[in-house]
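FYI, it's all coordinate maths here, none of it is from the lab. Being a predicted model, the structure only gives us computed values, none of them experimental. So basically every Cβ, Gly included, is an ideal-geometry build from the backbone, and we count neighbours across all protein chains shown.
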Amino acid sequence: MRHAVSFVLCFVVSAGVAAAQNVIDPPPGFTKTVNLSGPRFGMTALSTGVVDELKKRDIEVGSNISQFGWQFEKQFYTRNSGVAAVNEWVVLLGGLDQGVALPSLSWMVGLRTREGAEFGIGPNITPAGVALALAGGVTFRAGNLNVPMNVAVVPSKVGSRISVLTGFNMRRR
């Protein structure tokens, strides 16, 4: 009975909030998207716990590994706004410099300012486990060429990973 009363109360409050919204203002304009996909490369520092976890899985690497991959990125923006929403998938192979191919997949969502400062957050999956990645950086622009410089921190149960990545992309719709 208590759950039913709580549900009805939430429904009534929600209906009141919805009815109070202003319907006179026109809806915002359509969002435009830009494809900013491109190659990424850099390095990742692995904590001792991450190296040990990989060793348990018969993967032997040092505490610093190379990273090479591709970032699939869409930027959503409006004409008058100085901030753009960003959705990206980052696929990397780490450890190639040590004869190992460690796959990594991250899905990041975040924001980028007109000046190029950016930050994002999202899940990360690697052979060392699943964790939440936090990233920030800046994108330098020269005409249609973009050069991102990012730092990502991935704390997990077994330890932390810190990556420094760069690459390039060209603006295209």
Cα-only Debye scattering, the range 101-173: base-10 log of I(q)/I(0) at q = 0.22, 0.23 Å⁻¹: -0.99, -1.05
Separation of alpha-carbon centers, the range 52-85 and the range 143-167, rounded to whole Å: 6
Area projected by the alpha carbon convex hull of the range 29-152, averaged over all directions, nm²: 7.8
Spin-label zone in the range 90-105 - amide nitrogen under 15 Å from a point set 7 Å from the Cα of Trp70 along the C-beta vector: 90-93, 104-105
